[in-house]
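Here's the structure we're looking at; comments come further down.
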(Lines give C-alpha, C1' and ligand atoms only; values in the text may rest on other atoms or scores of the structure.)
Protein backbone atom coordinates (compact mmCIF):
# COMPACT_ATOMS: atom_id res chain seq x y z
CA UNK A 1 0.00 0.00 0.00
CA UNK A 2 0.90 3.65 0.37
CA UNK A 3 2.98 3.04 3.50
CA UNK A 4 5.17 0.54 1.65
CA UNK A 5 5.52 2.88 -1.32
CA UNK A 6 6.67 5.81 0.78
CA UNK A 7 8.91 4.31 3.44
CA UNK A 8 10.63 1.18 2.14
CA UNK A 9 13.44 0.44 -0.30
CA UNK A 10 15.16 3.82 -0.41
CA UNK A 11 18.93 4.15 -0.85
CA UNK A 12 21.30 7.06 -0.29
CA UNK A 13 24.21 7.44 -2.71
CA UNK A 14 26.91 10.06 -2.09
CA UNK A 15 29.17 10.97 -5.00
CA UNK A 16 31.18 13.49 -6.97
CA UNK A 17 30.61 15.02 -10.38
CA UNK A 18 33.24 16.57 -12.60
CA UNK A 19 31.71 19.57 -14.39
CA UNK A 20 33.81 20.72 -17.36
CA UNK A 21 31.26 23.33 -18.48
CA UNK A 22 31.69 25.36 -15.28
CA UNK A 23 35.48 25.21 -15.22
CA UNK A 24 37.45 28.44 -15.46
CA UNK A 25 39.29 29.33 -18.64
CA UNK A 26 43.05 28.95 -18.55
CA UNK A 27 45.01 32.19 -18.83
CA UNK A 28 46.22 32.82 -22.43
CA UNK A 29 49.88 32.41 -21.46
CA UNK A 30 49.20 28.86 -20.20
CA UNK A 31 46.96 27.65 -23.01
CA UNK A 32 49.11 29.18 -25.77
CA UNK A 33 52.34 27.66 -24.50
CA UNK A 34 50.97 24.14 -24.23
CA UNK A 35 50.14 24.14 -20.54
CA UNK A 36 53.12 26.19 -19.40
CA UNK A 37 55.71 23.85 -20.85
CA UNK A 38 57.07 26.49 -23.24
CA UNK A 39 60.74 26.99 -23.98
CA UNK A 40 60.92 30.30 -22.09
CA UNK A 41 60.06 28.76 -18.74
CA UNK A 42 59.45 32.24 -17.32
CA UNK A 43 56.15 33.57 -16.02
CA UNK A 44 54.06 31.00 -17.86
CA UNK A 45 55.65 28.08 -16.05
CA UNK A 46 55.09 29.81 -12.70
CA UNK A 47 51.40 30.29 -13.58
CA UNK A 48 51.19 26.65 -14.61
CA UNK A 49 52.55 25.59 -11.24
CA UNK A 50 49.84 27.63 -9.50
CA UNK A 51 47.21 26.21 -11.89
CA UNK A 52 48.29 22.58 -11.51
CA UNK A 53 46.03 19.58 -11.89
CA UNK A 54 44.78 19.59 -8.26
CA UNK A 55 43.74 23.25 -8.57
CA UNK A 56 41.91 22.64 -11.84
CA UNK A 57 40.16 19.55 -10.48
CA UNK A 58 39.10 21.38 -7.35
CA UNK A 59 37.34 24.04 -9.40
CA UNK A 60 35.31 21.52 -11.36
CA UNK A 61 34.23 19.04 -8.68
CA UNK A 62 30.69 19.11 -7.26
CA UNK A 63 29.59 16.97 -4.35
CA UNK A 64 26.37 14.99 -4.80
CA UNK A 65 23.87 13.27 -2.58
CA UNK A 66 21.27 11.17 -4.38
CA UNK A 67 18.30 9.45 -2.81
CA UNK A 68 16.90 6.66 -4.98
CA UNK A 69 13.70 4.66 -4.66
CA UNK A 70 14.14 1.03 -5.60
CA UNK A 71 11.57 0.29 -8.32
CA UNK A 72 8.20 -0.25 -6.68
CA UNK A 73 6.36 -2.98 -8.59
CA UNK A 74 2.70 -2.09 -9.03
CA UNK A 75 1.67 -4.82 -11.51
CA UNK A 76 3.63 -7.98 -12.28
CA UNK A 77 2.12 -10.53 -14.67
CA UNK A 78 3.06 -12.68 -17.65
CA UNK A 79 1.87 -10.03 -20.14
CA UNK A 80 2.43 -6.72 -18.29
CA UNK A 81 4.76 -5.09 -15.79
CA UNK A 82 4.25 -1.68 -14.21
CA UNK A 83 6.55 -0.04 -11.69
CA UNK A 84 7.41 3.33 -10.17
CA UNK A 85 10.85 4.84 -9.58
CA UNK A 86 11.91 8.09 -7.93
CA UNK A 87 15.16 9.97 -7.45
CA UNK A 88 16.16 13.16 -5.65
CA UNK A 89 19.54 14.82 -6.13
CA UNK A 90 21.34 17.61 -4.29
CA UNK A 91 24.62 18.98 -5.66
CA UNK A 92 26.94 21.30 -3.77
CA UNK A 93 29.48 23.48 -5.57
CA UNK A 94 32.12 24.41 -2.96
CA UNK A 95 33.70 27.16 -5.09
CA UNK A 96 30.42 29.00 -5.70
CA UNK A 97 28.86 27.97 -2.35
CA UNK A 98 25.64 27.00 -4.10
CA UNK A 99 23.34 24.02 -3.80
CA UNK A 100 21.37 22.73 -6.78
CA UNK A 101 18.34 20.52 -6.23
CA UNK A 102 16.59 18.19 -8.65
CA UNK A 103 14.63 15.02 -8.91
CA UNK A 104 12.56 12.74 -11.08
CA UNK A 105 9.60 10.40 -10.87
CA UNK A 106 9.01 7.72 -13.52
CA UNK A 107 6.16 5.33 -14.18
CA UNK A 108 7.46 2.48 -16.36
CA UNK A 109 5.38 -0.12 -18.15
CA UNK A 110 6.26 -3.15 -20.28
CA UNK A 111 3.79 -5.10 -22.41
CA UNK A 112 5.36 -8.41 -23.39
CA UNK A 113 4.95 -10.14 -26.80
CA UNK A 114 3.03 -7.37 -28.53
CA UNK A 115 4.08 -8.57 -32.00
CA UNK A 116 5.48 -12.05 -31.57
CA UNK A 117 8.92 -11.45 -30.11
CA UNK A 118 8.72 -7.66 -29.58
CA UNK A 119 7.95 -6.00 -26.27
CA UNK A 120 6.51 -2.51 -25.95
CA UNK A 121 8.16 -0.30 -23.30
CA UNK A 122 6.74 2.98 -22.05
CA UNK A 123 8.13 5.44 -19.50
CA UNK A 124 6.41 8.64 -18.46
CA UNK A 125 7.49 10.96 -15.75
CA UNK A 126 8.47 14.34 -14.51
CA UNK A 127 11.95 15.78 -14.06
CA UNK A 128 12.45 18.68 -11.67
CA UNK A 129 15.61 20.65 -12.42
CA UNK A 130 16.97 24.05 -11.48
CA UNK A 131 17.26 26.65 -14.24
CA UNK A 132 19.86 29.43 -14.53
CA UNK A 133 18.07 31.58 -11.94
CA UNK A 134 17.83 28.74 -9.42
CA UNK A 135 14.07 28.23 -9.80
CA UNK A 136 12.85 24.64 -10.00
CA UNK A 137 11.32 23.77 -13.38
CA UNK A 138 9.08 20.79 -14.07
CA UNK A 139 9.95 19.09 -17.36
CA UNK A 140 7.93 16.14 -18.71
CA UNK A 141 9.66 12.91 -19.71
CA UNK A 142 8.33 10.35 -22.19
CA UNK A 143 9.98 7.27 -23.75
CA UNK A 144 8.31 4.70 -25.99
CA UNK A 145 10.17 1.82 -27.66
CA UNK A 146 9.61 -1.61 -29.13
CA UNK A 147 13.12 -2.92 -28.57
CA UNK A 148 14.65 -1.48 -31.76
CA UNK A 149 12.78 1.73 -32.61
CA UNK A 150 12.23 4.33 -29.92
CA UNK A 151 11.08 7.88 -29.33
CA UNK A 152 12.01 9.95 -26.31
CA UNK A 153 11.08 13.39 -25.04
CA UNK A 154 13.62 14.70 -22.55
CA UNK A 155 14.51 18.30 -21.71
CA UNK A 156 11.96 19.55 -24.26
CA UNK A 157 13.73 17.72 -27.10
CA UNK A 158 12.46 14.75 -29.10
CA UNK A 159 14.92 11.99 -30.02
CA UNK A 160 14.28 9.08 -32.35
CA UNK A 161 16.52 6.05 -31.93
CA UNK A 162 17.05 2.79 -33.76
CA UNK A 163 19.13 -0.01 -32.25
CA UNK A 164 21.02 -2.23 -34.70
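The values are calculated or read from the model by the stated rules, or taken from the named source; none is laboratory data. From a predicted model like this one, the values you see are computed outputs, not experimental measurements. A quick note on method: Cβ atoms are made from the backbone with ideal geometry, for glycine too, and the neighbour counts reach across all protein chains shown.
A few notes on this one:
- Which numbered condition residue 152 fails, given (1) at pLDDT 90 or above; (2) not in a strand (DSSP E or B): (2)
- Scanning segment 123-130 finds one or more residues that are more than 22 Å from residue 78 (Cα to Cα) and at pLDDT below 90.
- Residues (more than 23 Å from the chain's Cα centre (by Cα) and either under 30 Å from residue 63 (Cα atoms) or assigned to a loop (DSSP other than H, G, I, E, B) (or both)) located in segment 73-97: 77, 78, 79
- For segment 104-126, the set of residues classified as touching a strand residue (DSSP E or B) at 6+ places or on another chain (Cβ under 9 Å) and more than 19 Å from residue 152 (Cβ to Cβ) consists of 112, 113, listed by residue number.
- Members of segment 132-147 that are outside any strand (DSSP E or B) and at pLDDT 85 or above: 135, 146
- Scanning segment 70-90 finds one or more residues that are exposed (fewer than 14 other Cβ atoms within 10 Å of the Cβ), out of contact with any helix residue (DSSP H, G or I) (no Cβ under 7 Å at 6 or more places or on another chain), in contact (Cβ under 8 Å) with a residue 40 or more places away in the chain and at negative phi.
- Options 161, 100: the member that is surrounded by 14 or more Cβ atoms within 10 Å (Cβ to Cβ), part of a strand (DSSP E or B) and either within 18 Å of the chain's Cα centre (by Cα) or without any contact (Cβ under 8 Å) to a residue 60 or more places away in the chain (or both): 100
- Single condition residue 25 does not satisfy, out of (1) at pLDDT below 90; (2) surrounded by 11 or more Cβ atoms within 10 Å (Cβ to Cβ): (2)
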